[in-house]
Structure formats: C-alpha cells, structure tokens
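Scroll down for the structure; my scribbles are underneath it.
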2 protein chains.
Amino acid sequence: MLDFEYHAPTHVVFGKNAVEKVGTLVKEQGCKKVLIHYGGGSAKRSGLLDRVAQSLEAAGVAYIQLGGVVPNPRLGLVKEGIALCRKEGVDFILAVGGGSVIDSSKAIGYGLTNEGDVWDYYAKKKVPTACAPVGAVLTIAAAGSEMSNSSVITNEDGWLKRGLSSEYSRCKFAIMDPTLTYTLPAYQTASGAADIMMHTMERYFTAVDVPMNLTDNLAEGLLRSVMKDVTAALRNPEDYEARAGLMWASSLSHNGLTGCGTDGGDWASHQLEHELGGKYDVAHGAGLCAVWSSWARTVMPANPARFAKFAVNVMGVEPGADDMETANRGIDAMEAFFQSIGMPTRINQMGITLSEEDMRELAHKCSFMNTRKIGKFVPLDREAIYEVYKLASK
Amino acid sequence: MLDFEYHAPTHVVFGKNAVEKVGTLVKEQGCKKVLIHYGGGSAKRSGLLDRVAQSLEAAGVAYIQLGGVVPNPRLGLVKEGIALCRKEGVDFILAVGGGSVIDSSKAIGYGLTNEGDVWDYYAKKKVPTACAPVGAVLTIAAAGSEMSNSSVITNEDGWLKRGLSSEYSRCKFAIMDPTLTYTLPAYQTASGAADIMMHTMERYFTAVDVPMNLTDNLAEGLLRSVMKDVTAALRNPEDYEARAGLMWASSLSHNGLTGCGTDGGDWASHQLEHELGGKYDVAHGAGLCAVWSSWARTVMPANPARFAKFAVNVMGVEPGADDMETANRGIDAMEAFFQSIGMPTRINQMGITLSEEDMRELAHKCSFMNTRKIGKFVPLDREAIYEVYKLASK
C-alpha cells in the first residue's frame with residue numbers, strides 16, 4: 001500500500017426530514033447571501049425549492065435563485081452564475097440537485113475566488129487557490145460530488161468535458177433525504193448506481209502491487225451493497241432502505257475512503273466516457289457501463305489476479321482453472337449485472353453508431369491531442385484508446 | 001435504518017514519514033503555542049519526541065512539553081495540564097501517543113475552554129460548549145480517539161472511569177505512521193486490536209430492526225480485516241501492511257462510519273469494562289475481551305438472527321440448524337479468536353478474582369448507583385450487570 005491523506009470534512013445530515021435543517025446549516029456558515037442553484041423543473045414542481053427557501057427564510061438567511069443546470073453541466077451557465085453572484089454579493093452557493101448541479105456550483109465557487117476565466121482551471125492552465133463555500137441538498141444518488149473534491153464541466157465550445165479536483169471544493173455540508181430520490185426514473189436510478197460503483201471500481205483497479213486489505217474489504221462491501229440496493233430500488237422505487245443505501249454509497253464511494261492506500265485509482269473508464277458525454281450528452285453512468293468491460297478486457301492481462309479477486313469477492317463467481325479464467329468470469333458477470341439493471345455494455349446500445357472517423361476523433365481528444373496517456377492499471381495511449389472505443393462499439 | 005449525522009473532519013496524514021509534516025499541520029491551525037502531551041518514556045527513548053520538536057521548530061512554532069500520561073489516564077495530570085497551559089498561554093494541544101494521551105489532551109482542551117471543574121463534564125453534571133484544538137501523532141492502533149468524538153478519563157478519587165463525547169473534541173489532524181507501532185509488545189498489539197474490533201461490534205449489535213445494509217458490509221469487512229492483520233502483526237511485528245491495516249482500522253472503527261443508520265450502538269461491554277479498568281487498571285482491550293462473550297450470551301436470545309449474521313459474515317462459521325445455534329457458534333468462534341491472540345475471555349484470566357462483594361460493587365457503580373441501565377440491544381439493570389460479571393468470572 002501507498003501513503004495517503006484522507007480528509008472528508010463534509011457534515012452529512014442524513015434522513016427523512018433532513019431538508020428542514022438547511023437553514024440552520026447555512027446560517028452556521030456565517031455567510032451573508034446564498035445562491036440557490038438548481039437544475040430543471042422537478043425541484044420546483046416537487047415543492048423542494050419551496051421547502052429549502054422556507055427553511056432559509058426561517059433562519060433569516062437572504063438568497064437568490066438560479067436554475068437551468070443540465071446533465072453534463074455547461075460552462076455558459078457557470079459564467080452566468082459567477083456574474084450573478086458578483087452582482088448580488090453572494091458568498092455561499094447552495095446546490096439543490098444531483099452531481100451536475102453540485103459540480104456547477106463548485107465551478108461558480110471557483111470562479112468567484114480565482115482570477116480570470118474559470119475554464120482555464122478546468123483546462124489545467126491554472127491551479128485554483130480557493131473556492132467559495134458550497135453546500136448540497138442531494139436529489140440523486142450518483143456522482144458523489146456532495147463529499148468529493150471533484151467537479152466536471154462541459155465547455156460548449158468544442159464540447160470538451162473536463163474535471164477539476166481540489167480540497168477547496170469539498171461541500172461544507174450535505175443534506176441527504178433518500179425519499180427525494182423516489183421519483184427518479186429507472187434509467188437514471190440505474191445510471192446513478194453504475195456511477196457510484198465505478199467510483200469505487202476505478203480506485204479498486206490500482207497499479208499498486210499490494211493494495212490495502214482494509215480498503216479492499218470496504219470497497220468490495222460497498223459494491224455488493226450497491227448491487228443489492230439498486231436491484232431493490234428498481235423493483236420498488238419507494239424502498240427506503242435501498243434508496244438510503246444508494247445515497248450513502250454515492251458519498252462514500254467518492255469521498256476517498258475506497259481508495260486509501262492506492263495510487264488514486266485508474267480512471268481510464270471515466271476519461272473514455274468524458275469524451276462520449278461531452279460530444280453525445282449520454283447519461284454519465286450509462287456511458288461508463290458502455291465502455292467498462294471493453295476497458296477491462298483490454299487491461300486485465302496485466303494483472304489477472306486483481307480481476308480474479310474482484311470476480312470472487314464482488315461478483316461472487318466460482319473461481320475458474322486460473323486467475324485469467326476467473327477474471328473473465330467476473331467481467332462477464334459485471335456485464336450481465338449492468339444489463340440486468342438496464343444499462344448498456346456497448347456504445348451502440350445507447351443509440352450511438354461511431355464511425356471510424358468518430359473513434360479516431362474521440363481518441364485524439366481523450367489523449368489531449370495525443371499528448372497524454374490515460375489510466376494507471378495499464379496506461380493507454382491514443383492508439384490504445386482508439387482500440388477500446390472500437391471494442392466497445394462491436 | 002435510522003436517520004444519522006456523520007461528520008469526521010479530521011485531516012489524516014498516513015504513511016512512513018508522516019511525522020515530518022507535523023510542523024506544517026500545526027502551523028496551518030494558526031495557533032500561538034503548543035503543548036506536546038505524551039505518556040511514558042518510549043516516545044522519548046525512540047526519538048519520536050525529538051522528531052516532533054524539530055518539525056515544530058522548523059515551522060517556527062513555539063511549544064512546551066508535558067509527559068506522564070498513563071493507561072486509563074488520570075484526572076490529576078489533566079488538571080496539571082490545564083494549569084500549565086493557562087500559565088504558558090498554550091492554545092493547541094498536540095498528543096503524541098495512543099488513546100490515553102489523546103483522551104488526556106482532549107480533557108485538557110475541555111478544561112481550557114469551559115468553566116469550573118473539568119470533571120463535572122465527565123460526570124455529566126455540565127455540558128461542554130467548546131474544546132481547545134487537539135492534534136495527534138498516533139503511536140498505538142487501538143482507541144480510535146484520533147478521529148472519534150470521545151475521550152475517557154479516570155478520577156483517582158473513587159477510581160471512576162467516565163467518558164465524554166462531543167463534536168468539539170474531534171482532532172484537527174491525525175498523523176499516522178504505522179512503523180511507530182513496530183515496537184509495541186504483543187499483548188498491547190492484541191489488546192489494541194480487540195479495542196478496535198469492539199468499537200465496531202458495539203455499533204453492530206444495534207436494537208434497530210433493520211440496520212443499514214451498507215453499514216453492515218463495511219463493519220463486517222473492517223472486522224475481518226482487523227482479525228487478519230492482528231494475526232499477521234503478532235507473527236511479524238514489522239509487517240507494514242498489517243500494522244497499517246490496524247492503524248487505519250482504529251480510526252475508521254470509531255469515527256462513526258461503522259454505526260451510520262444504527263441507534264449509536266450498544267456499548268454495554270464498554271461500560272462493564274470501564275468499571276474494571278477504573279478499579280483494576282487492566283488494559284482496555286483485554287478488559288473488553290474478558291466480558292464480551294458473557295455479555296453476548298446474555299443478550300443474544302433477544303435477536304439470534306443478528307448474532308447469526310455476525311457469525312457467518314464476520315467469523316465465517318457454517319450456519320447451524322437455526323439462528324440460535326449459528327449465533328452460539330459465532331460467539332464460540334470469537335472467544336477462540338480472542339484466545340488465539342492472547343486475550344482473556346474471562347475476568348479471572350487477567351489475574352483478578354472477583355468476590356461476591358466485588359461484583360456487587362462493580363454492578364452498583366456501573367449502574368451509576370442503580371440509577372441507569374446500560375446497553376441498547378438489551379438494556380441491563382444493576383442485577384443484570386451483576387449477572388454478566390458473575391458469568392464472566394466463571
């Protein structure tokens with residue numbers, strides 16, 4: 001195992017009426033004015049925005065609102081939010097939504113506290129030195145942004161999807177009421193669960209020779225739990241225990257816990273998906289499922305024992321004659337599981353037919369115009385990335 | 001599952017040369033003067049205190065020192081520490097040691113920031129409203145105080161051992177270098193591992209009808225990991241992976257993670273042990289092992305299914321004809337495990353022979369002079385507590 005730091009200071013308030021505490025939690029932050037940032041109409045229609053506003057009013061906290069965040073959140077709205085916050089003197093951003101809204105809120109927070117064009121920080125031209133404080137009222141169990149240090153924004157100019165991670169952007173608090181996710185459509189529920197799993201799986205497939213036994217046990221236990229809970233939530237969308245399990249797993253899977261002692265994880269599947277998500281606007285979790293098994297079959301031979309451990313301890317498969325056989329059974333089992341929850345395991349199952357030229361372009365962008373390799377388990381260059389896209393399109 | 005809050009803001013710096021970062025970490029706290037608080041001579045002899053002092057000096061941080069903390073840390077030294085800190089203008093306490101030193105540091109922190117006699121807060125006569133900031137350089141994997149909200153102090157006047165929990169006392173940072181635990185004697189290593197396990201087991205045996213599946217998976221995975229790691233560390237005290245697993249487990253087992261969605265846990269075994277520890281000064285983990293199986297056999301019939309799940313998923317036993325049989329096999333297996341690492345499973349195995357009168361006195365004190373019941377899985381009154389001490393003395 002490797003040395004690590006772990007710092008997940010977000011104050012989690014979890015349960016059925018947690019939303020009512022938002023006023024108190026914001027007030028504790030000692031801010032002057034809040035931006036309530038949200039997505040489409042569902043937070044409004046469901047009455048959630050009103051509940052949040054009432055709680056803020058009861059606590060005597062001033063606020064303004066900005067909606068319109070879409071999946072794969074856009075730089076345009078982020079810039080609008082920054083300008084609005086500057087004009088209105090906002091010093092706290094309250095995200096009411098899922099990962100896209102929280103990521104957009106973090107981007108606004110970066111924009112408020114760092115000079116110049118906020119995209120420069122996502123494009124890795126500059127390094128941020130602060131982020132205005134962000135809190136979250138979570139409505140989707142998926143991205144884990146409510147406890148993570150990361151955010152991902154899409155620049156409409158070129159449809160580039162880029163991530164920015166820093167400790168400054170950890171949410172001050174996260175309010176998690178699993179009942180808010182009862183109305184999520186099945187596809188979004190499944191896509192969210194896949195996203196949760198992938199945050200731990202990316203960390204699990206580490207290039208470290210001897211990963212930390214404790215971290216492995218926690219990661220494997222979390223993955224088994226998510227598989228059980230998403231299956232139950234799809235059967236009965238109002239299964240509180242299942243929805244709660246998914247919601248808490250979304251946070252634990254991306255706050256660093258399941259990566260302690262690793263090299264930070266592989267993340268090639270995420271990079272492969274970012275290009276798809278940026279260009280074709282697919283659901284993030286679904287996009288991850290569409291590329292994962294192709295990535296896995298490509299890199300597995302570098303360390304079949306690791307994939308065999310995953311196969312037995314997570315997927316519960318019977319060991320084969322050797323690690324390679326066990327590993328392949330595990331990848332097959334994960335594909336079958338993804339399919340069982342309605343997720344794609346090939347890109348064309350999302351209604352996208354990639355031409356040869358498309359695959360070359362995606363690989364070119366994913367390799368940052370042939371200047372980087374992605375992943376650690378096996379670093380993949382532009383040609384190798386292209387091969388994975390090709391395998392995932394068969 | 002029940003609603004919960006989770007807030008574990010301690011910044012963990014984990015690894016082989018983490019101690020060198022202590023100066024920087026203390027400086028980030030913006031304090032003026034540090035008390036380095038430590039225990040016996042080992043921190044001095046090993047050169048650890050010198051390394052800490054050098055790092056503080058390099059960062060330009062002023063400090064004074066106070067040693068002498070003993071296991072089951074005493075109120076007397078706490079009061080001495082408070083007076084010293086007041087006189088010297090200390091505003092940050094750096095604990096260099098294990099749980100006893102960290103708990104003593106937290107008690108000094110409470111004393112510096114709350115009026116009157118600090119014992120009143122441990123005796124539950126008053127509620128603290130603050131705690132001076134504490135950081136830790138951990139040298140023993142056991143108590144988990146480096147990430148927990150709790151501390152336990154023994155009052156020499158009556159040898160009362162009492163705990164105080166509040167969010168104010170969470171360490172600002174925890175420096176964890178597993179190599180610092182290489183020289184721990186086998187008995188302390190095993191006792192520490194037992195303490196770690198018990199922090200999760202207390203939470204696992206909840207009175208909640210449907211515990212959180214995810215929390216169960218994490219708890220079970222942590223327990224299996226500790227059992228594996230302590231066995232390896234006893235075989236080879238310089239097994240880095242094993243020592244690292246134990247150290248990280250000590251934090252995760254008591255920072256709240258393994259209790260999310262429960263009622264906070266049972267904690268009767270801890271209360272039973274506190275009386276033994278206060279009066280007979282036994283190693284905390286050993287004392288817990290000496291009472292646990294007697295507690296377990298007493299309460300198990302209230303929910304055999306819970307103990308059966310523990311038996312299968314943690315102890316790996318074959319299920320019996322019914323939950324009761326499986327549960328008993330699990331308790332037997334845990335006793336065998338405790339014995340395998342040199343821990344007692346009866347009070348007399350610690351060289352203590354309790355008379356009838358002793359047991360009555362312990363039960364009287366443990367029930368707060370017959371004014372409270374202990375535990376939640378099955379609340380135990382003075383008579384029931386006496387029966388457990390009796391069973392544990394057979």
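Just so it is clear, none of the values below were taken in a lab; they were calculated from the coordinates. As the structure is a prediction and not an experimental result, all values here were calculated from the model. Every residue, glycine among them, receives a Cβ derived from its backbone with ideal geometry; neighbour counts consider all protein chains shown.
How many angstrom lie between the Cα centre of region B:195-264 and the Cα centre of region B:54-92? The distance from the Cα centre of region B:195-264 to that of region B:54-92 comes to 31 Å.
Rounded to the nearest 20 debye, what is the charge dipole size of region A:186-391 about its Cα centre when +1 sits on each Lys and Arg Cβ and -1 on each Asp and Glu Cβ? My answer is approximately 180 debye. Charged side chains reduced to their Cβ positions (Lys and Arg at +1, Asp and Glu at -1) give the protein assembly as shown a dipole of some 1440 debye around its Cα centre.
How far, in nm, would the chain grow between B:Lys16 and B:Lys32 when pulled straight, counting 0.36 nm per residue and subtracting the alpha carbon separation? Walk me through the intermediate numbers first.
Details: separation 16, 0.36 × 16 = 5.76 nm, distance 2.80 nm.
Separation in residues times 0.36 nm, less the Cα-Cα distance, equals 3.0 nm.
Here region B:93-107 and region A:143-190 have alpha carbon centers that stand 38 Å from each other. Over the protein assembly as shown, the Kirkwood radius and the radius of gyration, each from Cα atoms, give a ratio Rg/Rh of 0.97. Secondary structure note: in region B:17-176, about 25% of the DSSP beta bridges are antiparallel. Relative to the current alpha-carbon distance between A:Gln65 and A:Ala123, full extension at 0.36 nm per residue lengthens the span by 18.1 nm. Across region B:137-165, the residues whose backbone nitrogen lies under 17 Å from the label position 7 Å along the beta-carbon direction of B:Lys79 are B:153-162.
Counting other Cβ atoms within 10 Å as a rough exposure proxy, the listed residues B:Thr353, B:Thr231, B:Thr262 run B:Thr353, B:Thr231, B:Thr262 from fewest neighbours to most.
Between this copy and the others, label points of A:Asp263 are 4.8 nm apart in ascending order, each placed 7 angstrom from Cα in the Cβ direction. Applying 1/(1 + (r/R0)^6) with r as the Cβ-Cβ distance of B:Glu5 and B:Arg86 and R0 = 30 angstrom yields a FRET efficiency of 0.35.
Measure up B:Lys161/B:Lys365; B:Lys87/B:Lys161; A:Lys279/A:Lys365; A:Lys79/A:Lys106 against 20 Å on the Cα-Cα distance and list the ones that go over. Please report the intermediate quantities before stating the final value.
Details: B:Lys161/B:Lys365 10 Å; B:Lys87/B:Lys161 28 Å; A:Lys279/A:Lys365 11 Å; A:Lys79/A:Lys106 12 Å.
Among B:Lys161/B:Lys365; B:Lys87/B:Lys161; A:Lys279/A:Lys365; A:Lys79/A:Lys106, the Cα-Cα distance tops 20 Å for B:Lys87/B:Lys161.
Among A:Val226, A:Val26, A:Val317, the largest mean-square fluctuation in a Gaussian network model of chain A (Cα springs under 10 Å) belongs to A:Val317.
At the listed q of 0.16, 0.22, 0.23, 0.31 Å⁻¹, the Debye profile of region B:308-362, built from one uniform point per Cα, gives log10 I(q)/I(0) equal to -0.61, -0.77, -0.79, -1.09.
Within straight-line reach of A:Lys44, meaning a Cα separation under 20 Å, sit the following lysines at least 8 residues removed in sequence or on another chain: A:Lys16, A:Lys21. Calculate log10 I(q)/I(0) of region A:237-338 for q = 0.11, 0.12 Å⁻¹, where I(q) comes from the Debye formula with a single equal point scatterer on each Cα and nothing for solvent. Ignoring solvent entirely, the Cα scatterers give -0.42, -0.50. Positive-end ranking of A:Ile102, A:Val118, A:Val291 along the dipole of the protein assembly as shown, with charges on Cβ about the Cα centre, is headed by A:Val118. Among the DSSP helices (H) of chain B, those spanning at least 30 angstrom by Cα along their long axis with an average Kyte-Doolittle hydropathy of 0.0 or more are B:213-235; this is a geometric and hydropathy rule only. In the protein assembly as shown, the DSSP beta bridges split such that about 30 percent are antiparallel, to the nearest 5.
Each Lys or Arg adds one and each Asp or Glu subtracts one; over the other residues with Cβ under 14 Å from the Cβ of B:Asp323, this totals 0. When region B:163-282 is described by a simple charge dipole with +1 on each Lys and Arg Cβ and -1 on each Asp and Glu Cβ, the residue from B:Met212, B:Leu246, B:Ser166 located farthest towards its positive end is B:Leu246.
Under 13 Å of direct C-alpha separation, and excluding same-chain neighbours fewer than eight residues apart, B:Lys376 reaches these aspartates and glutamates: B:Glu202, B:Asp209, B:Asp263, B:Asp266.
Dividing the summed helix terms, -39500 (n - 2.57) for each DSSP H run of n ≥ 4, by the number of residues in the protein assembly as shown produces a 222 nm estimate of -15000 deg cm²/dmol to the nearest 500. For region A:283-394, rounded, prolate or oblate, judged on the Cα gyration tensor with a ≥ b ≥ c (square roots of eigenvalues), a/c < 1.5 rounded, else prolate if a/b > b/c? Since a/c reaches 1.5 but b/c is at least a/b, the shape of region A:283-394 is classed as oblate.
Each of the peptides A:382-392, B:115-125 was scored by the mean count of other Cβ atoms within 10 Å over its residues; in descending order, highest first, they stand as A:382-392, B:115-125.
Between the residues A:His364, A:Ser150, A:Thr326, the greatest Cα displacement towards the positive end of the dipole of chain A, with unit charges on the Cβ of Lys, Arg, Asp and Glu, is found for A:Ser150.
Among DSSP beta bridges whose residues both lie in chain A, state the antiparallel percentage, nearest 5. DSSP beta bridges in chain A are roughly 25 percent antiparallel. Shape index of chain A: Rg/Rh, with Rg the Cα radius of gyration and Rh the Kirkwood radius from the inverse mean 1/r over Cα pairs, equals 0.96.
Summing Cβ point charges (Lys, Arg +1; Asp, Glu -1) relative to the Cα centre of region A:17-176 gives a dipole of roughly 60 debye. Each copy carries A:Ser42; placing its label point 7 Å along the C-beta direction from Cα gives inter-copy distances of 5.4 nm, listed from smallest up.
With only alpha-carbon pairs counted, each pair once and no self-pairs, how large is the Kirkwood hydrodynamic radius of region B:122-251 in angstroms?
16.2
Estimated at 0.36 nm per residue, the fully extended path between A:Val210 and A:Glu356 surpasses their Cα-Cα distance by 48.6 nm. Shown for B:Pro379: label points 7 Å from Cα along the beta-carbon vector, and their distances to the equivalent points in the other copies, 6.2 nm in ascending order. What list of whole percents do you get for P(r) of region B:17-176, with Cα-Cα distances grouped in 10 Å bins up to the one holding the largest distance? Answer for region B:17-176: a P(r) of 12, 46, 35, 8, 0 percent. Which parts of region A:265-309 would a label at A:Asp381 reach, counting a residue when its backbone N lies under 18 Å from a point 7 Å out along Cα-to-Cβ? Residues passing the 18 Å test: A:299. Amide H contacts of A:Gln65 (H built 1.01 Å from N, in plane; Pro and chain starts excluded): A:Ile36 sit under 5 Å, all sequence-distant by 5 or more or on other chains.
Once backbone amide H atoms are built at 1.01 Å from N, A:His11 has A:Phe173, A:Ala174 as its partners under 5 Å, excluding neighbours fewer than 5 places away on the same chain. Size descriptors for region A:184-269, from the alpha-carbon set: Rg then Dmax equal 13.3, 42 Å.
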